[in-house]
Amino acid sequence: MPDRSQSASSQSAPSQSATVNRRHFLAAVGGAAAGGAATLPGTGDAAAAPSAEAAEASNPRAPHTVTLTINGQDHRLSLDARTSLLDTLRDRLGLTGTKKGCDHGQCGACTVLVDGRRELSCLRLAVMAQGRRVTTIEGLAPNPHTLHPMQQAFIDQDAFQCGYCTPGQILSAVACVKEGHAGDDDQIREYMSGNICRCAAYPNIVAAIRQAKTEMEA
């Protein structure tokens, strides 16, 4: 009679080739988990490491070359793709009129105009502004010797105290008028509510917008 124990043993024991294959597979997976590239036996060039270009494209820290149009001037910059427009303006271009307040899009101090629309520069990536026209407080006036009507109105109405929020307030106010949201004081307050003034100069800010509106619409 055949030896049943020997037969069962031969059925349950893996073959040598299967053992080797599993061993190679586990070694390859372990190498990948440790940070290496997994190369399975027999795969050859199919599992080769990605090219240097592909690795650079997938690296979020790799610099990207962008051209930004700020206040009518083109600036060609090499930037980390995660850099905010706010940090680019302040740290790379020296345009410190745009203020960093909360850095979370809640205070409005970093407001700039992008294609004439108000934007919070702390929430916009700089690479997203490529091909757009960005205006900061430094580029709002028509020339170095003449203030924009909104800037002059803020001076006339004493619409600031410490002045930290003022650049964002002025740019937001310009957009508020151009959007047609300065019909009355209540509407002005509503559409300027995203810009916080810690000094509470709100009545004077509303008065300044009323003054500038007349001249801007003339």
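Each reported figure results from applying straightforward, stated rules to the coordinates on display, with no laboratory input. These numbers come from a predicted model, not from an experiment. Here the Cβ positions follow ideal geometry from the backbone for every residue, glycine too, while neighbour counts run over all protein chains shown.
Neighbour counts of C-beta atoms inside 10 Å place R92, R117 in the sequence R117, R92, starting with the fewest.
Distance between the modelled labels on D156 and Q73, one decimal in nanometres: 3.0 nm (7 Å Cα→Cβ projection).
Here the Debye sum runs over all C-alpha atoms of the stretch 95-218 as equal scatterers in vacuum, and log10 of I(q)/I(0) at q = 0.11, 0.19, 0.20 Å⁻¹ comes out as -0.33, -1.02, -1.14. In straight-distance terms, cross-link reach from K178 covers every one of the lysines whose alpha-carbon lies under 20 Å from its own, apart from those fewer than eight places away in the same chain; here that gives K213. Per-residue 3J(HN,Hα) values for the stretch 162-175, derived from phi via the Karplus relation 6.51 cos²θ - 1.76 cosθ + 1.60 with θ = phi - 60°, read 5, x, 5, 7, 4, x, x, 4, 5, 5, 5, 5, 4, 5 Hz in sequence order (x marks Gly and Pro).
Amide H contacts under 5 Å for D80: H64, restricted to partners 5 or more places along the chain or on a different chain, H placed in the peptide plane at 1.01 Å from N.
Model label points for R189 and R82, set 7 angstrom from Cα along the Cα-to-Cβ axis, are 4.2 nm apart.
Phi angles across the stretch 195-200 convert, under the Karplus curve 6.51 cos²θ - 1.76 cosθ + 1.60 with θ = phi - 60°, into 3J(HN,Hα) values of 10, 9, 10, 5, 7, 6 Hz, Gly and Pro given as x.
Modelled spin-label separation between R198 and Q130, with each label point placed 7 Å from Cα along the Cα-to-Cβ direction: 3.6 nm.
Residues F154, F160, arranged from fewest to most other Cβ atoms within 10 angstrom of their Cβ, appear as F160, F154.
Projecting the Cα atoms of A62, Q73, G139 onto the charge dipole of the stretch 59-151 (Cβ charges, centred on the Cα centre) puts A62 farthest toward the positive pole. PRE reach from Q106 (point 7 Å along Cα→Cβ): which of the stretch 155-175 fall under 20 Å by backbone N? Under cut-off, by backbone N: 164-166, 168-169. Arranged from fewest to most other beta-carbon atoms within 10 Å of their beta carbon, D74, D91, D80 become D74, D91, D80.
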